[in-house]
Amino acid sequence: MKIILGGVAIALVAVTALLWSQSAGAQAAGQLPYQDAAAVARGAELYQENCASCHGEQLQGQENWRDRDAEGYLPAPPHDVTGHSWHHGDAQLLAITRQGTAALVGSGYRSRMQGYQDVLSEQDILAVLAFIKSSWPPEIIERHNEINAQAEG
């Protein structure tokens, strides 16, 4: 009986380790938890607190977001389906959110998009991006998932 229980315990530890490593790998690969209702709800709150003032309460972005303003900055783009967020893989979206656009682009590029790595935790950044992705129609989510698959391949 002790041998059977020991075997069951070892099997449970192995399965738990496997599942943890797969989820950790998914996070490391930048997979957004857009199907996790709790993460999406948390992301919606954080988006309103940290992002909506520039990107809009309904993810609509600022007017004329493709045209530089008088100071040479591009207005904040929309994160809804009319924008280009879904054209970028999860890893790039995470990098932009963590570091800010200017730091990521370099070469003197100017942007008002600051990095949030010192403001939000990694889980909070993932939740915000999950909220954004969850708002897209299914066909756009599917295309975005294909972009991610190509980036990982």
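Key figures
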| quantity | calculated |
| --- | --- |
| Any hit, segment 94-112, residues being in a loop (DSSP other than H, G, I, E, B), over 20 Å from Asn64 (Cα atoms) and touching a helix residue (DSSP H, G or I) at 6+ places or on another chain (Cβ under 8 Å) | no |
| Residues satisfying the stated conditions in segment 64-103, i.e. free of Cβ contacts under 8 Å to residues at least 12 places away in the same chain and more than 15 Å from the chain's Cα centre (by Cα) | Asn64, Arg66, Asp67, Arg68, Asp69, Ala70, Glu71, Ala102 |
| Check on Glu139, farther than 27 Å from Arg68 by Cβ and more than 12 Å from the chain's Cα centre (by Cα) | yes |
| Residues of segment 31-90 classified as part of a loop (DSSP other than H, G, I, E, B) and among the small types (Gly, Ala, Ser), total | 7 |
| Complete set of residues in segment 125-141 that are part of a helix (DSSP H, G or I) and surrounded by fewer than 19 Cβ atoms within 10 Å (Cβ to Cβ) | Pro138, Glu139, Ile140, Ile141 |
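Each reported figure results from applying straightforward, stated rules to the coordinates on display, with no laboratory input. Everything numeric here is computed off the predicted structure, so don't read it as measured data. All Cβ positions, glycine included, derive from the backbone under ideal geometry; neighbour counts span all protein chains shown.
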